Amino acid sequence: NIDPSGDIEEPGFLIEMGWNYGADNVYGRDYFDTAAIIRLFVKEPVVREKHNKQMLYIMNYVNKTERAILAGEGYEDYIDIDAMVDWFIIAELTNNTEMGFYRSCYFYKPEGGKLTMGPVWDFDMAFGNHRGDIPDYNGWATAEAEYWLVNDTWTTYLIRDKSFMEKVSARWNEKKDILIGTAEAAVSELAYEVYPSQIENFRIWNIMEKQIGEGNVDCKKYNTYDLQVEYLREFIRSRADWMTGRL
């Protein structure tokens, strides 16, 4: 709920990371870059002029945040750490490469508040469904992926920070059973819900054993709908086990 007026001393904002698809996008009005992240689009508030008061505030705040993260100190002054921890856990359990500050990745700042990661969004490049994923998925998706765009982001530095990772470990141990149970229940429920649709899908499109898109899933091994559902269950369990061991 961001106030669109330009009269607030510490305005709120919503940022989406992405690519400059529109020719009319103007640097300093619609988007900006930092040293570690490209294409930070200002979704709210709507900025009318290049480098106006709101835009300068937003750019300055985000750059201060980044400098603190890269330096490994003082970032607590700029970021909601608890929200960052939760966001990181969701990104990593789902192995969502896109959440490595690449695309469809959001953060917002409430008026007078701290930068907050989220909402989480867009999971088509998750659960092992992208060619840039970690081999065997043993690594931090938002910081250690083979995809070059996620190799020097905020989380690249945060995973080296003992204090941050201790918070991640504590939160993971607190919530992992709930998260895993919720994920497995969702897979079962949604697999049943879309069952009639998948019959029609594969009747029309003969692609069950073919590699479609940029995924790493072995479609010859998981060559039925039920086996692909089981792949997803296996992935969630294996990913959770890896996170527990790493943390």
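Observations on the model:
- Of everything listed in (1) surrounded by fewer than 19 Cβ atoms within 10 Å (Cβ to Cβ); (2) closer than 17 Å to residue 14 by Cβ; (3) modelled with pLDDT of 95 or more, the single unmet condition for residue 48 is (3).
- Selection within region 86-105 - part of a loop (DSSP other than H, G, I, E, B) and touching an Asp or Glu at 6+ places or on another chain (Cβ under 7 Å): 95, 104
- Condition broken by residue 4, with the remaining ones in (1) on the phi < 0 side of the Ramachandran plot; (2) free of Cβ contacts under 8 Å to residues at least 24 places away in the same chain; (3) open to solvent by 30 Å² or more (accessible area, probe 1.4 Å) satisfied: (2)
- Criterion: open to solvent by less than 20 Å² (accessible area, probe 1.4 Å) and in a helix (DSSP H, G or I) - qualifying residue of 143, 83, 68: 68
- Restricting region 160-187 to residues that are of a type in the set (Lys, Arg) and either within 18 Å of the chain's Cα centre (by Cα) or in a helix (DSSP H, G or I) (or both) leaves a set whose member that is farthest from residue 76 (Cα to Cα) is 176.
- Residue within region 177-189 that is touching a residue at least 24 places away in the same chain (Cβ under 8 Å), out of contact with any Ser or Thr (no Cβ under 6 Å at 6 or more places or on another chain) and open to solvent by 80 Å² or more (accessible area, probe 1.4 Å) present: no
The values are calculated or read from the model by the stated rules, or taken from the named source; none is laboratory data. Note that the coordinates shown come from a computational prediction; the quantities given were computed from them, not determined experimentally. Note that each Cβ is placed from the backbone with ideal geometry, even for glycine, and that neighbours are counted across all protein chains shown. To get the accessible areas, we keep the full protein, side chains included, count just its heavy atoms, and leave off ligands, DNA and RNA. Shrake-Rupley method; radii C 1.70, N 1.55, O 1.52, S 1.80 Å.
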